[in-house]
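These notes are about the structure you will find just below.
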């Protein structure tokens, strides 16, 4: 129900966005013919059915691409603004291209100005209105499902916080039931503690509760089971929060295995549409980059061969998505056999060759990584592949970074590169995993350019 409610609202937004965009396009056409701004135009509509159909397909696609239908990335109205404005800008450019492809040579710039302005106003105001309406209905108790959280500990408080920042949850938090009787009658995270865990059945009846989320620690397994059985006769949805997965994946998934619920703790964090977009983007950009940079790579290969004895390429073993090992291809920047010594990178590493220093300064040694991208072992953007001997020293929580494909560049690379300590690098990687979107990948790629040119942290 929780996710279903959000999905239905997002589906409504999807339909509303397409409808409002089509309406804005037709209204802009009418305005160009009937408003006094601009010179006289020939009678008859500019917007043909094919253009209208194209807009109805283009807008939802780019709104989805920029995260406008991802509730994880649209917690606030400002988040929606950041998603919708660039999506509408890109969609408009694509639509202009469609004008030419469809041989509609004349484009009224005034009509486009009318359309973009009206479209933004309609999309943003509809979402703002929907957000305010759902929030008001949930807060006033007129709509939405009434929720009771069992346990006012850290997990319970986090759930309460998430409900407050997710207007599409469709939930109205009534309060907590705490295992600590001292908290009864007090407020936690702004919500009342209505009773103890032994009072849950009574609280469900008295407060007309629709949903109960049990956030008790796993060590209280027997109490959780007894509570679930006590609630079974009542018309209430019961959900149990499993023990916090600090030692496993950043995004655990629950699936139904013919009636048996299974929790996937190592499933890919990027799936479905997002993964398809990421893969197509990787193939197009990596393929084009290899074709353009091939002459440069040939020159680098010759320079390496002339500078020092040894192979041109270096393929160290690295740990990738889901802990799989693969060979990451690079230009050799050290003397042959340097990898026999396990050590962290340092600015004054004596094992580097003369050409290697230049290649590392400008990150040119990583150009063969594009081959790994085409093979599907890496992505353009993601956590940097790590050496196995370093991974063996990881704390369990650090292994969350393997929930996505490793990348040539990533969030921590554009926020300090090699200057950051290891634990901070992993924090950046986990932030990327939890906040992934195609737009974030584009932002990271653009930020990589000045970072590489400055050479900060590159050694």
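Going by what's in this entry, would residue 201 be described as surrounded by 21 or more Cβ atoms within 10 Å (Cβ to Cβ), outside any loop (DSSP other than H, G, I, E, B) and modelled with pLDDT of 85 or more? The answer is no for residue 201. Does region 113-133 contain any residue that is exposed (fewer than 15 other Cβ atoms within 10 Å of the Cβ), in contact with a helix residue (DSSP H, G or I) (Cβ under 8 Å, 6 or more places away or on another chain) and modelled with pLDDT under 80? No, region 113-133 has no match at all.
A residue that is part of a helix (DSSP H, G or I), surrounded by fewer than 17 Cβ atoms within 10 Å (Cβ to Cβ) and modelled with pLDDT under 90 occurs somewhere in region 60-69.
Considering each residue of region 240-252 in turn, at least one proves to be modelled with pLDDT under 90, surrounded by fewer than 20 Cβ atoms within 10 Å (Cβ to Cβ) and in a strand (DSSP E or B). Whenever a residue of region 342-370 is at positive phi, its partners that are modelled with pLDDT under 90, lying with C-beta atoms within less than 7 angstrom and at least six residues away or across chains, give the pairs 363/452; 363/458.
Screening region 204-229 for residues that are part of a loop (DSSP other than H, G, I, E, B) and in contact with a helix residue (DSSP H, G or I) (Cβ under 6 Å, 6 or more places away or on another chain) and picking the one that is nearest to residue 161 (Cα to Cα) gives 215. Taken as a whole, the condition of being closer than 15 Å to residue 146 by Cβ, part of a loop (DSSP other than H, G, I, E, B) and over 35 Å from the mean Cα position of the chain (by Cα) does not apply to residue 194.
Of 37, 52, 20, which residue is in the same structural domain as residue 112 (by TED's automatic domain parsing), touching a helix residue (DSSP H, G or I) at 6+ places or on another chain (Cβ under 7 Å), in contact (Cβ under 8 Å) with a residue 60 or more places away in the chain and assigned to a helix (DSSP H, G or I)? Sole residue among the options that is in the same structural domain as residue 112 (by TED's automatic domain parsing), touching a helix residue (DSSP H, G or I) at 6+ places or on another chain (Cβ under 7 Å), in contact (Cβ under 8 Å) with a residue 60 or more places away in the chain and assigned to a helix (DSSP H, G or I): 20. Inside region 285-305, residues that are touching a helix residue (DSSP H, G or I) at 6+ places or on another chain (Cβ under 8 Å) and loosely packed, with under 13 Cβ neighbours inside 10 Å make up a count of 1.
The values are calculated or read from the model by the stated rules, or taken from the named source; none is laboratory data. Please read these numbers as outputs of a predicted model, since none were measured by experiment. When we count neighbours, we look across all protein chains shown, and the Cβ atoms used for this are built from the backbone with ideal geometry, even at glycine.
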